[in-house]
Amino acid sequence: MKKILIINQYAGNKGDRAVLYALCRLLLENLPNSKITVSTTSPELWDNYDFYKENKIDFIPSAWDFDRAKGLLKKLYFAFINKFKKYSYTILRENFLGLKLPIEIFLVNPLFYRNAKKADLIISTGGHHYTTILSKDLVSHLPYELCSALRLNKNTIIFSQSIGPFKFHNKRNEKYIRSLLNNCQKIFIREKDSFKFLDELQVKTDHLDKVPETVISLSTLFKNYVKPLVREKKVGIAIYSTKKRSSEEKNNYINSLADFCNYIIKLDYKVEFFPMELKNTEPDDRRMINEITAKISNREKYIIHDKDLETKQHIKAVAKCRFFVGHKTHSVVFALTSGTPLIAIEYHPKTRNFMEQFDVENYSINDEILTFDLLKDKFTALSLEFDKVGENCFSKANQYAKVLETNVSKL
């Protein structure tokens with residue numbers, strides 16, 4: 001039995017949860033004699049999910065999680081070093097760059113340490129983890145975990161991620177991230193701009209490869225494709241609440257979406273809001289969704305999916321919409337995968353990259369210039385070819401799903 005450790009899983013984000021679900025399905029189908037363990041930010045958020053129970057998939061704390069160490073002595077030790085946690089990052093970094101002493105046993109959560117040592121393959125997965133956009137100089141649990149994996153097990157790859165851009169303030173951190181990426185056995189990139197950012201960082205190109213976004217493999221959940229014009233007149237909407245905005249920018253965003261909802265409702269559509277974070281985790285989209293819905297005139301014409309949907313339920317609910325408006329990356333991916341015509345709102349070039357992969361970039365809007373009029377114009381054009389766009393997206397999703405199966409079977 002092959003032991004596979006999946007690392008860098010973020011538990012609260014529904015996009016990252018979908019990535020894990022899709023990857024585990026691919027691994028179980030193509031490498032059936034496998035035991036999968038997942039290192040995640042919050043193991044407790046994975047309790048009571050049938051798919052993972054049935055397939056005996058275990059969840060363990062991340063490498064930099066010192067709060068969940070088990071055993072009295074280990075608890076006491078890691079509680080002590082947790083007081084100096086920020087220094088453990090520096091120590092691990094400097095050891096990787098220079099000394100290369102076997103110190104990981106003193107700096108890594110014991111459960112992670114044991115599983116990384118025993119794994120036949122370690123896969124770093126997620127949506128967009130290796131970038132300084134999300135944390136200054138990429139000082140976070142992500143490189144800490146990747147470094148620990150590389151030190152404990154050379155069979156480590158990064159699979160289907162966006163990488164970059166990078167803007168470093170500390171040259172040691174820049175050298176560290178470059179070295180980590182260069183030491184991975186293979187890096188599979190899901191969109192083209194990542195190649196440019198990796199080249200600028202001076203990461204070797206001989207172990208880079210292009211694969212589709214993992215979640216696209218979930219197109220296989222749909223045995224019978226339903227054309228958009230046959231579907232109920234519903235529009236799904238997924239917002240992006242955590243982007244830093246001025247008061248004026250926030251008001252424009254809320255008003256643009258609220259005005260669009262009121263416009264669509266007058267055309268006899270119902271509106272469904274899909275939060276992309278688990279309830280009561282940070283950030284939770286529901287707060288901003290409530291600000292938008294407060295401006296919708298007909299309260300009977302919209303719903304908010306207040307119950308957290310599992311990935312399979314979520315993507316199937318998107319597939320029941322006639323069209324979609326997506327801002328968070330994986331909300332866009334869900335629509336593309338299910339063959340649901342969509343308007344994508346870009347907060348990062350990767351969104352346009354995904355739309356280009358499906359030949360629907362004409363229906364993408366940069367969020368810096370978002371207005372109600374732009375949304376209305378895109379909808380008017382899209383409504384003339386709902387079925388054509390939906391069928392083309394679904395056809396491409398099935399093609400990409402086969403490419404993913406081929407790549408995973410080679411692992």
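The values are calculated or read from the model by the stated rules, or taken from the named source; none is laboratory data. Predicted, not measured: the structure shown is a model, and the values here were computed from it. No Cβ is skipped: glycine too gets one built from the backbone with ideal geometry, and neighbour counts run over all protein chains shown.
Here are a few things to note about the model shown:
- Taking the range 229-248 as the range and being touching an Asp or Glu at 6+ places or on another chain (Cβ under 9 Å) and of a type in the set (D, E, K, R) as the test, the residues that pass are Lys233, Lys234, Lys243.
- Among residues that are over 20 Å from Leu5 (Cβ atoms), of a type in the set (Phe, Trp, Tyr) and in a helix (DSSP H, G or I), Tyr77 is included.
- Whichever residue in the range 51-74 is modelled with pLDDT under 95 and in a helix (DSSP H, G or I) and, among such residues, is nearest to Leu146 (Cα to Cα): Lys74
- Identity of the residue in the range 220-266, free of Cβ contacts under 8 Å to residues at least 12 places away in the same chain and not polar (S, T, N, Q), that ends up farthest from Asn13 (Cα to Cα): Lys266
- Residues being farther than 15 Å from Asp58 by Cα and part of a strand (DSSP E or B) - total across the range 5-30: 1
- Only listed residue being buried (at least 18 other Cβ atoms within 10 Å of the Cβ), within 17 Å of Glu94 (Cβ to Cβ) and aliphatic (A, V, I, L, M), chosen from Leu152, Leu138, Leu121, Leu142: Leu138
- Annotation: Asn48 fulfils all but one of (1) outside any helix (DSSP H, G or I); (2) within 21 Å of the chain's Cα centre (by Cα); (3) without any contact (Cβ under 8 Å) to a residue 24 or more places away in the chain; the unmet one is (2).
- Looking only at the range 30-47, and only at residues there that are modelled with pLDDT of 95 or more and farther than 18 Å from Arg68 by Cα, the one that is surrounded by the fewest Cβ atoms within 10 Å (Cβ to Cβ): Lys35
- Residue check for Val235: surrounded by 22 or more Cβ atoms within 10 Å (Cβ to Cβ), part of a helix (DSSP H, G or I), on the phi < 0 side of the Ramachandran plot and of a type in the set (Val, Ile, Thr): no
- Residue match in the range 12-21 (condition: at negative phi, touching a His at 6+ places or on another chain (Cβ under 7 Å), of a type in the set (A, V, I, L, M, F, W, C) and modelled with pLDDT of 95 or more): yes
- Residue pairs whose Cβ atoms lie under 6 Å apart, sitting 6 or more positions apart in sequence or on different chains, and linking a residue in the range 136-156 that is assigned by TED's automatic domain parsing to the domain that holds Asn173 and farther than 13 Å from Phe96 by Cα to a partner that is of a type in the set (Phe, Trp, Tyr) and buried (at least 22 other Cβ atoms within 10 Å of the Cβ), are His141/Trp64.
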